Amino acid sequence: MKLHPAALPIVASLLGGCAAPPAPPSYVATTLQPTAGNSAAGTVWFVADGADVRIRGRVTGLKANQEHGFHVHEKGDCSSADAMSAGGHLNPGGKPHGPPSGEHHAGDLPALRADGAGIATLDGRVRGLADGPSAFAGKALVVHLSPDDYATQPTGNSGARIACGVITATPPRDAGGQVLPLPVERM
């Protein structure tokens, strides 16, 4: 059977419709901005790493030598001055709040630990996200004022929201608009 040359574009477009859907992003990221009256800010990446999601980044403006609650929230909305517009913790499985090492919400992350200068450098892991880092795309990442007790339901009693950023599949940018590189080694 010979195919008429005019039919080639039609056949190509039909075959193109059979192509596999695009793969989910291998990472998502956010730039954290301070909420009203606070100074916490930073950049955080969530990177696919086998069956885990690796969390990498740096947050500044924290209380020196203190642990801070750190969660992915259900709504990608940081528009309110106190970040309450981000809603509650991401919890599609309806699990209790808890530490990442036990049963927990999908949005329960390892605590941020600030050094003496109020800077937290992140290099941790989250397990059990079937969709990998894309599970966090379109949600908000929130830094809290106080440590997470990992027991109080449903929030961990970690206090006010001091920074918020919407997690996207596009690379974060610095103040000059330059793309920030994905961290490869421990920061």
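List of remarks:
- Residues of region 1-55 classified as modelled with pLDDT under 80, exposed (fewer than 10 other Cβ atoms within 10 Å of the Cβ) and under 30 Å from residue 125 (Cβ atoms), total: 4
- Breaking point among (1) surrounded by 14 or more Cβ atoms within 10 Å (Cβ to Cβ); (2) at pLDDT 85 or above; (3) part of a loop (DSSP other than H, G, I, E, B), for residue 98: (2)
- Residue in region 88-98 that is more than 17 Å from residue 136 (Cα to Cα) and small (Gly, Ala, Ser) present: yes
A quick yes/no check of all residues on (1) more than 15 Å from residue 30 (Cα to Cα); (2) in contact with a helix residue (DSSP H, G or I) (Cβ under 8 Å, 6 or more places away or on another chain):
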position	(1), (2)
58	no, no
63	yes, no
73	no, yes
86	no, no
110	yes, no
114	yes, no
142	no, yes
151	yes, no
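The values are calculated or read from the model by the stated rules, or taken from the named source; none is laboratory data. For clarity, every value in this text was computed on a predicted model and none was experimentally measured. No Cβ is skipped: glycine too gets one built from the backbone with ideal geometry, and neighbour counts run over all protein chains shown.
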